[in-house]
Amino acid sequence: MAEEVRERTLRDVAIGDKAVVKRLVGSGAIKRHIMDMGITKGTEVFVRKVAPLGDPLELTVRGYELSLRKSEAECVLVD
């Protein structure tokens, strides 16, 4: 019996929770953009709030705040 195990992404992290980046998925410009914002393996990310329609997410990463689209957050796998 095959059981599908879905990995948790940054999009799944609740408001007010922290997560540690496990790895980035995706390729090319999107992955590079995420890495340029300081979201790399082992980085702790705090989800501050989410916009009223659910996009974007406001995060605290390495002591600064940034916004990330849900589509970008889906490329960040977390523990």
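The values are calculated or read from the model by the stated rules, or taken from the named source; none is laboratory data. Note that the structure is predicted; figures quoted are calculated from it, not measured. Neighbour counts run over all protein chains shown; Cβ positions are idealised from the backbone, glycine included. For the accessible areas, the whole protein counts, side chains as well, though only heavy atoms, and no ligand, DNA or RNA atoms are used. Shrake-Rupley method; radii C 1.70, N 1.55, O 1.52, S 1.80 Å.
Data for the structure
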| quantity | calculated |
| --- | --- |
| Apportionment of accessible area to carbon and sulfur, the range 10-78, percent (1.4 Å) | 52 percent |
| For the range 58-75, Karplus couplings with θ = phi - 60° (6.51, -1.76, 1.60), whole Hz, Gly/Pro x | 9, 10, 10, 9, 6, x, 10, 9, 8, 10, 9, 5, 4, 5, 6, 4, 5, 8 |
| Longest site-free stretch - the chain; sites: GluC sites (Glu not before Pro), DSSP loop, at most 16 other Cβ within 10 Å | 8-73 |
| Stokes-Einstein D (µm²/s) once Rh is taken as the Kirkwood radius of the chain over alpha-carbon pairs, at 37 °C in 0.692 mPa s | 259 µm²/s |
| Cβ-derived FRET efficiency at R0 22 Å, Ser71 paired with Phe46, nearest 0.05 | 0.60 |
| Amide H within-cut-off set for Arg8, under 5 Å, with H built and near neighbours excluded | Val78 |
| The chain, accessible area per residue, ligands and nucleic acids excluded (1.4 Å, Å²) | 65 Å² |
| Sum of -39500 (n - 2.57) over DSSP H runs of 4+, divided by residues of the chain (222 nm, nearest 500) | -4000 deg cm²/dmol |
